[in-house]
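The values are calculated or read from the model by the stated rules, or taken from the named source; none is laboratory data. Since the structure is predicted, the reported quantities are computational estimates derived from the model, not experimental observations. Counting neighbours? That spans all protein chains shown, and the Cβs are built from the backbone with ideal geometry, glycine included.
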Amino acid sequence: MKAECMPGMVMPGCATSTPPSRTTSGPPTIELALILIIILSAYVVLIFTWRFIRRRRISSYSAFSDWFGHTAHALGMIAMALLMIGTIRYIGPLRAYMVVFGLFALVFLLRLITKWSTCNRRIELWHVFISASMAYMFSATDLSAVTVGCLLLYIAFVASELRKSSWRGGSGMPAGGERRSLRILEINGDLTIAFSMMLMLALNQWPNLFT
């Protein structure tokens with residue numbers, strides 16, 4: 001599994017640049033960060049599972065967008081975090097995950113270009129980005145410039161969502177209590193994905209920051 005090790009991370013069967021005194025399960029701070037990622041990702045799964053259950057209350061609902069743009073992403077994050085902690089020792093070839101998420105990004109890009117889906121163009125672009133960044137993470141490629149670029153785009157997305165929420169004050173939300181709540185849940189899910197992905201990218205690229 002050496003060829004599939006995440007850059008610099010303490011993972012089963014991987015060489016590591018951390019001091020020999022560290023255990024194979026990784027430094028406690030890294031473990032805590034990975035546990036946080038698991039919790040956040042589980043929260044995302046719950047959000048979009050609930051949205052699927054209540055999909056009749058959501059206008060222009062797309063099961064494909066929710067399951068492959070959000071839930072699959074969260075499950076992939078959980079699998080990677082469990083692998084890094086050492087709870088599980090193998091999740092299959094990491095390159096296979098890279099290919100799958102790369103295909104997701106391609107499909108969302110085609111949906112965006114051809115206007116195949118009724119989803120908002122901005123939402124589809126977001127799905128392209130999170131799928132592509134997941135493919136990059138699973139590629140185990142050590143490219144600081146790409147990682148920094150991904151982090152900046154995630155930060156820009158979070159800032160944009162927070163800014164919109166502040167000036168909109170809920171006025172742009174769908175009418176009706178449950179519909180508004182489901183929309184807020186979607187936004188919370190997207191922000192949670194962004195935060196957990198930023199944390200995972202930082203852990204992969206600069207593990208010494210968490211030692």
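For this structure, a couple of remarks:
- Subset tally (residues that are assigned to a loop (DSSP other than H, G, I, E, B), hydroxyl-bearing (Ser, Thr, Tyr) and farther than 16 Å from Gly76 by Cβ) for segment 97-139: 2
- The combined condition, being under 30 Å from Leu110 (Cα atoms) and either touching a strand residue (DSSP E or B) at 6+ places or on another chain (Cβ under 8 Å) or at pLDDT 90 or above (or both), is fulfilled by Ile78.
- Qualifying positions in segment 144-159 - within 28 Å of Tyr61 (Cα to Cα) and either surrounded by fewer than 15 Cβ atoms within 10 Å (Cβ to Cβ) or not hydroxyl-bearing (Ser, Thr, Tyr) (or both): Cys150, Leu153, Ile155, Ala156, Phe157, Val158, Ala159
- Within segment 45-71, considering residues that are among the aliphatic types (A, V, I, L, M), surrounded by fewer than 20 Cβ atoms within 10 Å (Cβ to Cβ) and part of a helix (DSSP H, G or I), the one nearest to the chain's Cα centre (by Cα): Val45
- Tallying residues that are surrounded by 15 or more Cβ atoms within 10 Å (Cβ to Cβ) and at pLDDT 70 or above within segment 168-180 yields 1.
- The single residue among Ser165, Ser196, Ser131 that is at pLDDT below 90 and among the hydroxyl-bearing types (Ser, Thr, Tyr) turns out to be Ser165.
- When segment 140-162 is filtered for residues that are at pLDDT below 80 and assigned to a helix (DSSP H, G or I), nothing remains.
- Checking each residue in segment 92-143 for being surrounded by 17 or more Cβ atoms within 10 Å (Cβ to Cβ), charged (D, E, K, R) and within 18 Å of the chain's Cα centre (by Cα) picks out only Glu124.
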